[in-house]
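Novice: Just dropping this structure here.
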Amino acid sequence: MSVLSKLIYKDRKFYRNVTGIALPIALQGLITTGVNMMDTVMVGAVGETELSAVSLANSFINVFQILCMGIGMGASVLVTRYYGMGEQTSMRKAIGIMLRLCGGIAALFSLAMLFFPEQIMRIYTGDEAIIGQGVLYLRWSVATCFLLGLSVTCAVILRCVEQVKIPLYASIFAFFLNVGANYVFIFGHFGMPRMGVAGAALGTLIARILETGIICAFLFRKEKQIGFRLRHLFMPVGDLWREYLRICIPVLISDGIYALGNNSVAMVIGRLGESFVAANAVTSVTQQLSSVMIQGFAQAAAIVTGRTLGEGDRKKAQDQGYALLGLGFAFGILAAVIIMIISEPMIRAYGVSPQTAEIARALMRAISMVVVFQCTNSVMTKGTLRGGGDTKVLMVADNIFLWLFSIPLGALAGLVWHWPAFWIYTLLKVDQILKCIWCVWRLHSGKWIKKIATAGEKVA
């Protein structure tokens, strides 16, 4: 069988299923990113210093969000497999462990943002004006951590049982509420004080309250396939802790490493001058847009793969893996074309200086090239291979490609060699290219399919 024929799966139901799961997830991600975009666009109208501050402060908050995604996606590996097996008790225990971990991490980040906001901002920049505005934004965002953690993890769990519409609707309502609250509090309309970056943080908090309330109310009161209720949060989970940690800790570490990598990128960029920082803030929305679309297909791949393996069909899962590889590459090409089309209008929307705009254009070109590889390997690493339980190997691969290649080469290009913006960004993301090649080999080997134990069962 040729490589091309392996990339095309003949079961049309498979493609409908993947698309039916992926599109609502991607659309929700786009709406969530739209919230961030409106924050940056509306704050950008106040000034470039405020824009840079919000962008860098959100780099820290994004670490928390990525960690929560790691916790949620780690749990989803178990939940999808258990769902295919009909193991409802094991599903509930996995969710209970997930929520406990999420609450603990949210507490740590909230305390850091409350008591050490200046130290956090100094990680990213030495500009005192940016630091001052960033401190203000972080302190106003403290309460958001718990809400963000709950909404992210609970949404992931609902998707595992194909309940994709509720998180989507919640995000739509939150988006419009956020825009309205930003308008009122950032600029001081309807008798409210002009709050600037604090107003942006307050608007986000209000939107998160609504979003989290809808998602959690449905999961804890209405959802029936898992049947998780608040009382299950306190059920004994000792017999599943070991299996949860075996599968999920590598996922958490991998996503944590990814978050640290993004912050290392932010640290490099934060020291390349205010124009470069502002340009990255402009393009960060595009990066987020492409990432969330990719995440939609990646999560769909993980759900479909986990379900198939839960039903005991290894050959079908392998065949679907090749098809998902092809989908990832095709979607990457489409994303690259879209980014090039929207890049100029998006840059103009921010009204930045000519120097900042020129840097932003170079970054957009680099993003459009990298996204092809990013999409392909994300569907594999965050989707198919993760759904197969291959989490330990993925953790090692993430470490090698990120810390031995991307960060050193990107830092050298930006801080030592002073190369153009295009090459700085490309080298900071070279791990995406290298990992894409590795994923193809790992898929072909078939070694990515692992056995997962239920509550009380031990893996041989």
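Rule-based calculations on the coordinates, nothing more; no lab input. None of the values given here were measured: they were computed from a predicted structure. All Cβ positions, glycine included, derive from the backbone under ideal geometry; neighbour counts span all protein chains shown.
Novice: As a quick test, which of the pairs 13/316; 224/447; 382/451 have an alpha carbon distance above 24 angstrom in this structure?
Specialist: 224/447
Novice: Let me ask you something else. Which of the peptides 297-310, 152-165 is most tightly packed, and how do the rest follow, judged by the mean count of other Cβ atoms within 10 Å per residue?
Specialist: On the way: 297-310: 26.5, 152-165: 23.0.
Answer by packing, highest mean first, reads 297-310, 152-165.
Novice: Sticking with this one: In Å, what Kirkwood hydrodynamic radius results for region 106-238 from the alpha-carbon pair distances? Walk me through the numbers on the way to the answer.
Specialist: On the way: mean 1/r = 0.0604 Å⁻¹.
Every distinct Cα pair counted, the radius reaches 16.6 Å.
Novice: What list of ³J(HN,Hα) values in whole Hz, one per residue of region 220-235 in order, does the Karplus curve 6.51 cos²θ - 1.76 cosθ + 1.60 (θ = phi - 60°) give from phi, with Gly and Pro shown as x?
Specialist: 7, 10, 10, 5, 10, 5, 8, x, 7, 10, 3, 5, 6, 4, 9, 6
Novice: Would you list, by chain and number, the aspartates and glutamates whose Cα falls below 15 Å from the Cα of residue 315, excluding same-chain residues fewer than 8 positions away?
Specialist: Output for residue 315: 11.
Novice: Contact order normalised by length for the chain, with contacts defined as Cα pairs under 8 Å and 6 or more residues apart; what percent is it?
Specialist: Working: 732 pairs, mean separation 104.5, N = 460.
That works out to 23 percent.
Novice: Could you tell me the convex hull volume per residue, in Å³, taken over the Cα atoms of region 3-445? Don't skip to the answer; put the middle values down first.
Specialist: Working: hull volume 58.7 nm³, N = 443.
For region 3-445, the hull spanned by Cα atoms encloses 133 Å³ per residue.
Novice: Separate question: Within straight cross-link reach of residue 93, meaning Cα distance under 12 Å, which aspartates and glutamates are found once same-chain residues fewer than 8 apart are removed?
Specialist: Straight-distance partners of residue 93: 239, 243.
Novice: Let me ask another. May I ask for the angle, rounded to the nearest 10°, between helix 391-401 and the longest principal axis of the chain, with both axes built from Cα atoms and the value confined to 0 to 90°?
Specialist: Approximately 40 degrees, to the nearest ten.
Novice: Using alpha carbon centroids, what distance separates region 347-412 and region 206-242, in Å?
Specialist: 32 Å
Novice: Treating only the Cα positions of region 263-388 as identical point scatterers, give the base-10 log of I(q)/I(0) from the Debye formula at each q in 0.15 Å⁻¹.
Specialist: These q points yield log10 I(q)/I(0) values of -0.72.
Novice: Just going by the charge dipole of region 346-460, with Lys and Arg at +1 and Asp and Glu at -1 on Cβ, which of 360, 448, 395 is farthest out on the positive end?
Specialist: Result: 448.
Novice: Taking the Cα centre of each part, how many Å lie between region 107-126 and region 284-343?
Specialist: Using only Cα atoms to place each centre, the spacing works out to 34 Å.
Novice: Take the alpha carbon gyration tensor of region 318-460, find the square roots of its eigenvalues, order them as a ≥ b ≥ c, and report rounded if a/c is under 1.5; if not, report prolate when a/b exceeds b/c, else oblate.
Specialist: Details: a/c = 2.84, a/b = 1.91, b/c = 1.49.
Prolate, because a/c is 1.5 or more and a/b exceeds b/c.
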